[in-house]
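The values are calculated or read from the model by the stated rules, or taken from the named source; none is laboratory data. All values derive from a computational prediction rather than experimental measurement. Here the Cβ positions follow ideal geometry from the backbone for every residue, glycine too, while neighbour counts run over all protein chains shown.
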Amino acid sequence: MNKKIVSFEGFEYSGKSTQIKLLKNYLNKNKIKSTFTREPGGHKQLEKIRKIILNSNYDNLTLILFFFACRFALLSKLKLNNLIVFDRYFDSTYAYQKYTLKDKKLILSLINQIDKKFIPKITFYFKINKKTLVQRKKIVGERNNFDKKYYSQFSRIQKNYEDIGKINFDNRKFITIDANRDKELIHNEILLNLKKWKLIK
Ligand code: TYD
């Protein structure tokens, strides 16, 4: 089966949402059928849980289990015929909720429970530097408890992203995007990769 799943990952303010919008416009213009989803949430009921989680103060283990519970609920609703674009997926849990070896083991074993047909073919990881982060945060501001909580943990989260990028999950390609650059350049790089790996024509 030619799996057509792609996920977008990165720290807040990395420009991931902007790129998802640009991609959506491109696909619509070119009449390419696609499904866009996001985590946590991505489905009517689950969007309610999103609000609760993102404004919560739950401990880390609770968060890991919440994120995966929402994830499996979302996957059970997904139809696999179109190109599917995830705004955050399992790499986010590894990046944000992995502190200890115990966390790592738990998160990897939960990822292992995901059916291979739902493992992305490509993950775009938006990597920004601290300077860009500080500039963009000044403009955009904080949006929820999570923005506040994790902002000071930028280096840990960035490192976790890099670590999970090295792990093989059904040969998915983990592509690091230099997210400090101009948005049009990044958009083109994304389209080139989607074409190269045959997710779009
Ligand atoms: P984000 O996707 O950046 O949405 P917005 O652009 O509306 O702020 O925010 C989601 C937050 O949830 C972000 O802080 C990362 C966090 N998150 C985790 O900590 N673990 C996860 O598994 C997921 C999916 C998200």
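At-a-glance table
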| quantity | calculated |
| --- | --- |
| Subset of segment 62-96 [of a type in the set (V, I, T) and either over 27 Å from K159 (Cβ atoms) or modelled with pLDDT under 95 (or both)] | I84 |
| Count of segment 101-132 residues which are out of contact with any helix residue (DSSP H, G or I) (no Cβ under 8 Å at 6 or more places or on another chain) and within 20 Å of S76 (Cβ to Cβ) | 6 |
| Selection count where residues are aliphatic (A, V, I, L, M) and over 18 Å from A95 (Cβ atoms), scope segment 44-73 | 5 |
| Total residues in segment 10-51, condition within 13 Å of the ligand (Cβ to nearest atom) and either without any contact (Cβ under 8 Å) to a residue 60 or more places away in the chain or in contact with a Ser or Thr (Cβ under 6 Å, 6 or more places away or on another chain) (or both) | 13 |
| Unmet requirement for G41, which otherwise passes all of (1) surrounded by fewer than 12 Cβ atoms within 10 Å (Cβ to Cβ); (2) at positive phi | (1) |
| Complete set of residues in segment 17-38 that are assigned to a helix (DSSP H, G or I) and surrounded by fewer than 21 Cβ atoms within 10 Å (Cβ to Cβ) | S17, T18, I20, K21, L22, K24, N25, Y26, L27, N28, K29 |
| Residue satisfying all of: in segment 55-81; near the ligand (Cβ under 9 Å from one of its atoms) and under 23 Å from F124 (Cα atoms); surrounded by the most Cβ atoms within 10 Å (Cβ to Cβ) among these | R71 |
| Top-ranked residue of segment 82-109 - restricted to ones that are farther than 19 Å from E9 by Cα and in contact (Cβ under 8 Å) with a residue 12 or more places away in the chain, ranked as farthest from the ligand (Cβ to nearest atom) | N82 |
| Count - residues of segment 159-194 that are in contact with a Leu (Cβ under 9 Å, 6 or more places away or on another chain), hydrophobic (A, V, I, L, M, F, W, C) and surrounded by fewer than 19 Cβ atoms within 10 Å (Cβ to Cβ) | 2 |
